[in-house]
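Each reported figure results from applying straightforward, stated rules to the coordinates on display, with no laboratory input. This structure is a prediction, so every number in the text was calculated from the model and none was measured. Cβ coordinates were reconstructed from backbone atoms using ideal geometry, including for glycine residues, and neighbour counts include every protein chain displayed.
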Amino acid sequence: MTPRARIATALLRLVAVAVTGWALWWRADCAFVYGTCSLRNLAAYFTIESAILFGLTALVSTAFLLRTGPEPAWLTGARSVVAAFVVVSGGVFAVLMGLAGFTGSEFLVPMSSRILHFVLPAFALVDLLVAPGSPALTPRRRVTVALSALVFPLGWTIFTSIRGALTDWYPYFFISPIAAGGVGAVVGYCCGLAVLLVAVVLAVDALRGTSPAARPRP
């Protein structure tokens, strides 16, 4: 990547981080402005946490991008994992919107939510193609990255389940035993999402590997 392309990509990432920060701030207006929600509850949403992770990885990857050396493999793997997080979050949100339409429920989607669920996943994927970072991973390493992507969601699920049992509040219906239809249903939903996440991570990194800038490792 030429120096000019590096600077342009870095600026785009910084703009994406700024827009993501704006969207997160306006999603929190229910707590800061209106007082109609708990900030702790808002922070419990996987979408919010994924967006924060995107901002952190984007800033770190921008710092490496402005250097002359290549991006380390661990950071490229982290970018692929975070991209999968936001893609799955956006996909689940789209499904929930579709279900709400079938049931006749009103589903308001403010601009900040559209950015977090739709614009952010698109940018994360395009960024991986334009600036793929380290060379393409071997299939074995790709599987390792995909399985490591389950660590954070697993911790989030355990913490959210315990907190939900104590506070009687869950960020999503499929993690609530009452709303989902029992503990077995919650386990089924979580296993299904875990399989989906692994598949998306593998697909995202495979897509990244198709970039001309990414060459298979020996």
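Percent relative contact order of the chain, based on C-alpha pairs within less than 8 angstrom and at least six residues apart?
Reported relative contact order: 25 percent.
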Return the ratio Rg/(2.2 N^0.38 Å) for region 8-97, where Rg is computed over Cα atoms only.
1.24
To the nearest 0.05, what FRET efficiency results for residue 1 and residue 140 with a Förster distance of 35 Å applied to their C-beta separation?
0.85
Rg to Rh ratio, the chain, alpha-carbon atoms and Kirkwood radius?
0.99
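Within the chain, which is the longest segment that contains none of the chymotrypsin sites (Phe, Trp or Tyr not before Pro) sitting in a DSSP loop with at most 15 other Cβ atoms within 10 Å?
Here the longest segment lacking exposed loop sites spans 35-106.
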